[in-house]
1. Taking the Cα centre of segment A:103-213 as origin and charging only Cβ (+1 Lys, Arg; -1 Asp, Glu), how large is the dipole, in debye to the nearest 20?
2. Mind pulling the angle between the C-alpha long axis of helix B:219-232 and the longest principal axis of chain B? Nearest 10 degrees, somewhere in 0 to 90.
3. Given 5 Å bins starting at zero, what is the percent of C-alpha pairs of segment A:217-267 in each, up to the one with the largest pair distance?
4. Given points 7 Å out from each Cα along the Cα-Cβ axis, report the B:R256 to B:A163 separation in nanometres with one decimal.
5. Can you give me the distance in nm between label points at A:H287 and B:A201, each placed 7 Å from the Cα along the Cα-to-Cβ direction?
6. Suppose we take every Cα in segment A:271-311 and form the convex hull; what volume per residue is that in Å³?
7. When every alpha-carbon pair in segment B:136-198 is counted, what percent end up more than 16 Å apart?
8. Just order A:161-169, B:26-34 by mean Cβ neighbour count inside 10 Å, highest at the front, would you?
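The values are calculated or read from the model by the stated rules, or taken from the named source; none is laboratory data. On a predicted model such as this, the values are computed, not experimentally measured, just so you know. Here the Cβ is made from the backbone with ideal geometry for all residues, glycine too, and neighbour counts use every protein chain on show. The protein model used for the area step is the full one, side chains on, heavy atoms only, and it has no ligands, DNA or RNA in it. Shrake-Rupley method; radii C 1.70, N 1.55, O 1.52, S 1.80 Å.
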2 protein chains.
Amino acid sequence: MADATIRDVARRAQVSVASVSRVLNRLENVSEETRNRVTDAVRELGYVPHAGARSLSLAKTNAIGVVLPDFHGEFFSEIVRGMDREASRHGYMLLLSNVHAGSEQSANAMRAMRGRVDGLVILAPHLTEEELADAVPARTPAVLINTRGVAGGHPGVRLDNAAGVEAVADHLVSLGRKRIIHIAGAAGNIDAIERADAFKAALEKRGVAVEIVQGDFTEESGEAAIDALLKSGRKFDAVFAGNDMMASGALQALNRAGVRVPDEVAVVGFDDIPLARHIGLTTVQVHIAELGERALDRLLAILAGEEDSGGQELHKPELVIRSTTDPKARSR
Amino acid sequence: MADATIRDVARRAQVSVASVSRVLNRLENVSEETRNRVTDAVRELGYVPHAGARSLSLAKTNAIGVVLPDFHGEFFSEIVRGMDREASRHGYMLLLSNVHAGSEQSANAMRAMRGRVDGLVILAPHLTEEELADAVPARTPAVLINTRGVAGGHPGVRLDNAAGVEAVADHLVSLGRKRIIHIAGAAGNIDAIERADAFKAALEKRGVAVEIVQGDFTEESGEAAIDALLKSGRKFDAVFAGNDMMASGALQALNRAGVRVPDEVAVVGFDDIPLARHIGLTTVQVHIAELGERALDRLLAILAGEEDSGGQELHKPELVIRSTTDPKARSR
DNA sequence: ACCTGGTTTGTAACCGGTTACATGACCCAG
DNA sequence: CTGGGTCATGTAACCGGTTACAAACCAGGT
């Protein structure tokens, strides 16, 4: 026996489907009598409305599609938490699609959401502007997070990488560090690129040299990068990693090699994931959850029919100084 | 101008909707001619099928509903990652519903998924067996994770809390610890209860006393618990926290008070979140992602029509010894 | 020329809701 | 007693796909 439908309820309550629908949607113009018959029938049959059918006829799903790359660790959970908080506050659900590979797959994932969601939040720092522009279905409202350019004129929320990096440069230079290493994040990732470029520019402006080595945002890559540098005998007195995971890996490599932090080498990360606080890592604090929250908020406003500026909202991060650069901060 | 529908495509290609559907679904019996006309029309109109309508007519959504409480931190991201990995491997999406409050809300969340998903994975350690049984819509396939009892006869995947706790007891006793504190997790949470009860039983069996203090799984509660104990002047030589977050809080409180770990007090957690490795925390390794993966796997098998044992699958965790109990492990 | 069998194609019903519009009941004023 | 207004209710179309079934078509065989 299949699940009951609204017609089953109507039959049982001896009324029309229209009346059942009216009762279920709490419309006013229904007699007491009808209302009772319907609620009884609903209870007796254990009827639960079919959300899919409802969405189809209303052209409204109350779901938001979230497309994001295969993140590791806390960045993922934080941003999803931020979105979820905002979504459930407004009665929306999140439809998640983790995109593992290339642009082809991303485009498919977004298309697959047509008709399932009212709008999209897209986190795709690995796609180029064009790839993005034609992956996003034309008439679907979408908000982008940390993408390059302004693909398709969609509104976006972005992290001000330059400002964060600038603060790092200032801090390291004021500590008197002269030979600085930057471990860059995954190749092709827009955040990785922006951070590396901005860091290089910021240091050049201050007359300090940087060497950039390639990482991929994983802890292992940070560790490997430092191991390689140490082995090569290259001297350096500060390391700025493109994210906290790599900074953590770098720290481990330094500890293992007996290099004193921060006395001999200062270490700075980016993101301020919860782990950073625990290991006393100086880092750039990005309220990740807030980024997600803002993106969702903006999308919901658009769905509610509000006018959107269409612009890119910049979120300025803040430097948090801890013991990997400041010995006095060691206590915690 | 609204999004194109299959009928628009049919009109443009001068064929029937049936033919368009056949082309889109790669059925064999379509002439070369028709196929080309359709693909051209699809391209020209930028047509993307409406997944919602498709699901309705096929009674298949290719989505799995995930209901879980408002988790903090890495447990959440790990379990979702595990599920997502398995889901996307099989062409499914995840519809997330974070349930913040009581049983009423949970029931609503699950009902709201009817017609949007093909099955449910439910993580509800805070609900009683009855609450769960009547929150889950009758004819929706569902797999439970870490719930009490066998609500509604749904298959489940569970963590063998007793086995993990047993190992902790063994370890602490073999280290010669005699005055042991357990910081319990959130009241009413089945995992918290199982761990506390099993730990008490295991220690009694070994003739060692335990004192149980109440926490709520947050880092702050772990910190507060230890602060209170230290202030009260109570003596103890080991702390076993109901999860890693509380253990981390406990560690911080001990460090701040100048208590040496593990010499004076040994500390053990539960879960093995990534952070644990970084702070050298001895803990019970759960492989959270695998739990999610298994639950999803099982659900997909049921959806594929396979016979399910209907039983509760127990996952045995393993003790990982690090420097908060073993000085020799301090290196990492 | 006609029948047969196989293939391609189109029509229309269906999935499970919502809702515009028509209908009928009822009440009150004239 | 009739006409007009209000209100509750029902009928049927619609949302955008899929697909059973029937019709049309095209050979090949006799």
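1. Computed about the Cα centre, the dipole is about 240 debye.
2. Here the helix axis deviates by roughly 10 degrees.
3. In order of increasing distance, the bins hold 5, 24, 37, 26, 7, 0 percent.
4. 3.8
5. That separation, rounded to one decimal, is 4.6 nm.
6. Cα-based convex hull of segment A:271-311, divided per residue, equals 54 Å³.
7. Here the tail beyond 16 Å accounts for 58 percent of pairs.
8. Numbers: A:161-169: 22.1, B:26-34: 10.3.
So the peptides A:161-169, B:26-34, ranked by packing, come out A:161-169, B:26-34.
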